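In what follows, a single structure is set out as structure tokens and then discussed.
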């Protein structure tokens, strides 16, 4: 009779091997989680950029109707004084009625609010236009210019940008949707850029002064002197 002696190793993991596997898994998780977070942030920025581009195209559609250039008024009886009226104006004039375009997914205020789907309602029988309930109390993520000169340089004149931008070219960490990490600007020609701040590497500014053509970080200086900033009632 023959007896087989088990001279091989125990098929289970040793403590050292188990700790090694755990360490490798920890390293992989540490590498993967930031990458996933960055990919998610990039996707959110791209969505916000796409929304702003649609708004800019809607503005261009309105501004170039009837073979003449126009701007959103900021004087007279029909003066636009806040971002809600600004959006309502484009909803009526350019059929840009999707309220979701004006919200930012990462905005802490938007996360807890009831957001309307449209901006205005158009009664087809009477032609009357009424504002959607809750629109004027919603956390719109942007500010914009009213009263822009129709002849303003399209590629350097800001039209609409992320809420919370200060005159020094930085976004406020408490009021901006991206919590101070930067923001988007859509320009009159329809292109959109994301900036960490508007100071630039040399501190002189990444925008162009409308009057002097010199660099500036102050967005109000990048528009004609008669233009005014319209803002949301919350988040400022």
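The values are calculated or read from the model by the stated rules, or taken from the named source; none is laboratory data. All of these numbers come straight from a predicted model, not from anything done at the bench. Cβ sites come from the backbone with ideal geometry, for glycine too, and all protein chains shown count toward neighbours.
Let me spell it out: the conditions are (1) in contact with a strand residue (DSSP E or B) (Cβ under 7 Å, 6 or more places away or on another chain); (2) under 30 Å from residue 40 (Cβ atoms); (3) buried (at least 20 other Cβ atoms within 10 Å of the Cβ); (4) touching a residue at least 40 places away in the same chain (Cβ under 8 Å), and residue 194 meets all of them except one. Which number is the exception? Of the numbered conditions (1) in contact with a strand residue (DSSP E or B) (Cβ under 7 Å, 6 or more places away or on another chain); (2) under 30 Å from residue 40 (Cβ atoms); (3) buried (at least 20 other Cβ atoms within 10 Å of the Cβ); (4) touching a residue at least 40 places away in the same chain (Cβ under 8 Å), the odd one out for residue 194 is (3).
Here residue 84 meets each of (1) closer than 24 Å to residue 64 by Cα; (2) surrounded by fewer than 17 Cβ atoms within 10 Å (Cβ to Cβ); (3) in contact (Cβ under 8 Å) with a residue 24 or more places away in the chain with one exception, condition (2).
On inspection, residue 235 qualifies as in contact with a helix residue (DSSP H, G or I) (Cβ under 7 Å, 6 or more places away or on another chain), modelled with pLDDT under 95 and crowded, with 20+ Cβ neighbours inside 10 Å.
What tally of residues in segment 55-111 results from selecting those that are in a loop (DSSP other than H, G, I, E, B) and within 24 Å of residue 225 (Cα to Cα)? Result for segment 55-111: 16.
The listed residues are 126, 130, 114, and the only one of them that is outside any loop (DSSP other than H, G, I, E, B), free of Cβ contacts under 8 Å to residues at least 60 places away in the same chain and either surrounded by fewer than 16 Cβ atoms within 10 Å (Cβ to Cβ) or touching a strand residue (DSSP E or B) at 6+ places or on another chain (Cβ under 7 Å) (or both) turns out to be 130. Look at (1) closer than 15 Å to residue 188 by Cα; (2) at pLDDT below 95; (3) in contact with a helix residue (DSSP H, G or I) (Cβ under 8 Å, 6 or more places away or on another chain) and you find that residue 94 fails only one, number (1).
Is it the case that residue 121 is touching a strand residue (DSSP E or B) at 6+ places or on another chain (Cβ under 8 Å), at pLDDT below 95 and either in a helix (DSSP H, G or I) or on the phi < 0 side of the Ramachandran plot (or both)? Criteria met by residue 121. The criterion of being over 15 Å from the mean Cα position of the chain (by Cα), under 21 Å from residue 113 (Cβ atoms), in contact (Cβ under 8 Å) with a residue 60 or more places away in the chain and surrounded by fewer than 19 Cβ atoms within 10 Å (Cβ to Cβ) does not hold for residue 229.
Considering 48, 99, the condition of being closer than 30 Å to residue 180 by Cβ, free of Cβ contacts under 8 Å to residues at least 60 places away in the same chain and within 22 Å of the chain's Cα centre (by Cα) is satisfied by 99 alone. Restricting 146, 186 to residues that are modelled with pLDDT of 95 or more, surrounded by 14 or more Cβ atoms within 10 Å (Cβ to Cβ) and closer than 16 Å to residue 51 by Cα narrows the list to 186. Across segment 97-115, the qualifying residues are those that are at pLDDT below 95 and in contact with a helix residue (DSSP H, G or I) (Cβ under 7 Å, 6 or more places away or on another chain), and the one among them that is nearest to residue 164 (Cα to Cα) is 106.
Considering the conditions (1) more than 24 Å from residue 46 (Cβ to Cβ); (2) crowded, with 17+ Cβ neighbours inside 10 Å; (3) in contact with a strand residue (DSSP E or B) (Cβ under 6 Å, 6 or more places away or on another chain), residue 92 is excluded by exactly one of them, (2).
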